[in-house]
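Read-outs: derived from the displayed coordinates by stated rules, not from any lab. Note that the structure is predicted; figures quoted are calculated from it, not measured.
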Amino acid sequence: MRVLATILINAGILWILAYLLPFQETTGQGIHVSWDVWTVYLTWGFLLGVLNTFVRPVLKVLGLPFTLLTFWLFIFVINAIVLLLFQNIFMYMNLDGSEYSIVGTVYFLFAVVIFTFLNTLTSMFL
C-alpha cells in the first residue's frame, strides 16, 4: 500500500512541477512535457519512486558530512542529482515516446526547491 501511495505522490509531484513551471515557447525555458496523460505520469512516478527508494538513501549516506556542515542544505544538492538522473534516464530510454525535461537553470533551481519541499512533506507523512 505504501509503494502505491509513493508512486501516486511522485506522479503528483511531477504533475505539480510541470503545472507550476510550464515550458515557455518564447524563452525556450521551463519543463517540457510531450504527453500530458495520467498513465505517463504514473510511469514517471514509478521511476522517481525507484530513484527515491534506492539512489537517494545512498546519496544521503555518502553526503552526510556535507549535510551536517551545511545544516541540511546539502539535501537540495541530493535532490538535484535525483532530478538530473530522472531526466537523463527518460532522455536515453525514451519510454512511451514521452519526454520530461527541465530547460533552463533558473527553472531547474525552482524545480529542485519545489521537489525538495514536496518530498520532505511526503516523507513526514508516509
Span per principal axis, largest first, for the Cα atoms of segment 1-58 (Å): 41, 26, 15
Determine ³J(HN,Hα), in whole Hz, for all residues of segment 53-70 in sequence, where each value follows from phi through the Karplus function 6.51 cos²θ - 1.76 cosθ + 1.60 and θ = phi - 60°; x replaces Gly and Pro. 7, 9, 8, 4, x, 5, 5, 5, 5, 5, x, 4, x, 5, 5, 5, 5, 9
Net length gained if the chain between F71 and H32 were fully extended (0.36 nm per residue, minus Cα distance): 10.8 nm
Scattering profile of segment 67-126 at q = 0.14, 0.27 Å⁻¹ [log10 I(q)/I(0), Debye over alpha-carbon scatterers]: -0.47, -1.12
If you build a Gaussian network model of the chain, linking Cα atoms that sit under 10 Å apart, which residue out of G49, G104, G28 swings the most? G28
Go ahead and set up a Gaussian network model of the chain, Cα springs under 10 Å, then flag whichever of N88, N52, N79 fluctuates most. N88
Most mobile listed residue (W44, W15, W72) in the chain, GNM with C-alpha springs under 10 Å: W72
